[in-house]
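Worksheet: the structure to be examined is printed underneath.
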Ligand code: AMX
């Protein structure tokens, strides 16, 4: 059975659960909202539903119930590889089932057929002014593909109905995930390698093909698989996933929705933090002027940053209350590869991991002084020659598409409503405050 047919069966089986909850238990109270939550970015208000992943403050992310390590363990891997293919992960995120080798082969074929990037996408990237941030290039490229959206065509066909909408969303979602690696590699080679574009090799899986198009030798293929999987999803309340879900809830198609999600990912408090981490590290190394980093001078640099009223990028999290398992997965990757383990930047990341949590805890403001996913990625990319840090969020964007696209496919399958939380005024909050 094809992935789409398996998904159709799963959706038919699942729908009654959501319908029953709405019909029989719609008025059951699950939480209360405080003034602090209202002003403080809706922190911890349970008002979104997703079955793709769940973020526990202490255990970290679980994809379809599996931790990162369990996911790596369970899914099929290409011969000789340490990490599963993105294709296997896509099947798993969409269906909740661990795919067989045959299932993975089928997704590989499907992605090959979908990976053709329309010519106009490259025209649009080339038309952007010199100095345009790579995230603008990525977001514009994604938005431009709206022209060929199958969901939008279905909507305009006069036969649109909510029951079948997911199937067209699935089509666009799969097209988008399959095309993004080529678009991202194009942006990289166009912007930083004198337009020396490497054409795709359709024989390779998504991660290996991305490494090939970037022009970087193994183990960058395995790094890409691991990187895209760990960045895919972090339940649906984070800015990129939530924006994608919100925009799609208006029945905007996957291209409109993900372009918007990418614009949120480009914020320094969210996905741009990975570039900011490397910028911080480079500035620190420059300040050292060739001297070796020590715990003492790292501690001083951290305090200098905090005393200047700035944040330490890559540390803290809105939900997590311990070291991000995605940080640890990247650390594991480094420990498995001897030359990477000895890389000076990787060692500096390790020293920051030893030093920064205590400094941040003493500083006393942050709720979670531990590193997040962005604290590690730049040092690894830099080791493999991707030193242009303003490209790092593009990599995040390729990975994040996997979760966002799986989510909006299920959003349409379960008929989630257009999102519309209620606003209140400051005077109303003051009135509630006065009434205790
Ligand atoms: N360095 C210094 N101060 C920090 C800090 C950090 N890394 N993280 C939080 N703080 C400060 C906040 O600015 C806030 O100060 P304020 O009361 O003066 O405004 C205070 O600590 C409380 O913040 P919080 O409740 O702990 O965090 P939050 O939920 O509001 O925000 C996050 C979470 C991630 C935005 C924040 O920790 C941060 O800015 N971290 C650095 C940027 C970063 O790494 N972002 C990537 C997150 C992962 C991702 O989305 N990719």
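Summary table
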| read-out | value |
| --- | --- |
| Distance between modelled label sites at residue 2 and residue 56, nm, 7 Å Cα→Cβ extension | 3.8 |
| Spin-label zone in the stretch 34-51 - amide nitrogen under 20 Å from a point set 7 Å from the Cα of residue 431 along the C-beta vector | 34-39 |
| The stretch 271-384, relative contact order [Cα under 8 Å, separation at least 6], % | 41 |
| FRET efficiency estimate (nearest 0.05) - Cβ-Cβ, residue 119 to residue 193, R0 30 angstrom | 0.90 |
| Virtual spin-label span in nm between residue 17 and residue 43, 7 Å along Cα→Cβ | 3.1 |
| For the chain, calculated [θ]222 nm from helices alone, where every DSSP H run of n ≥ 4 adds -39500 (n - 2.57) | -19000 deg cm²/dmol |
| Two-site FRET efficiency, residue 98 against residue 342, from Cβ-Cβ distance with R₀ of 30 Å, rounded to 0.05 | 0.25 |
| The stretch 236-287-the stretch 24-60 distance, computed between alpha-carbon centres (Å) | 21 |
| By average C-beta atoms within 10 angstrom, highest first, the peptides 54-63, 231-240 | 231-240, 54-63 |
| Highest-fluctuation residue, 326, 126, 17 considered, GNM on the chain with Cα pairs under 10 Å | 17 |
| Difference of contour (0.36 nm per residue) and Cα-Cα distance, residue 203 to residue 27 | 58.1 nm |
| Most mobile of 178, 88, 417 in a GNM of the chain (Cα contacts under 10 Å) | 417 |
| Value of D in µm² per second that Stokes-Einstein yields for the chain, Kirkwood Rh from Cα pairs, at 25 °C (0.890 mPa s) | 108 |
| Among 370, 166, 280: highest mean-square fluctuation, GNM of the chain, C-alpha pairs under 10 Å | 280 |
| Mean Cα-pair separation over length for the chain, i.e. relative contact order, pairs under 8 Å, 6 or more apart, % | 21 |
| Along principal axes, Cα extents of the stretch 271-384, largest first, whole Å | 37, 35, 23 |
| Relative contact order, percent, the stretch 1-91 [alpha-carbon distance under 8 Å, six or more residues apart] | 12 |
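Values in this text are rule-based calculations from the coordinates and carry no lab data. Note that this is a predicted model, so its numbers are computed, not measured. All Cβ positions, even for glycine, are placed from backbone atoms using ideal geometry, and neighbour counts span all protein chains on display.
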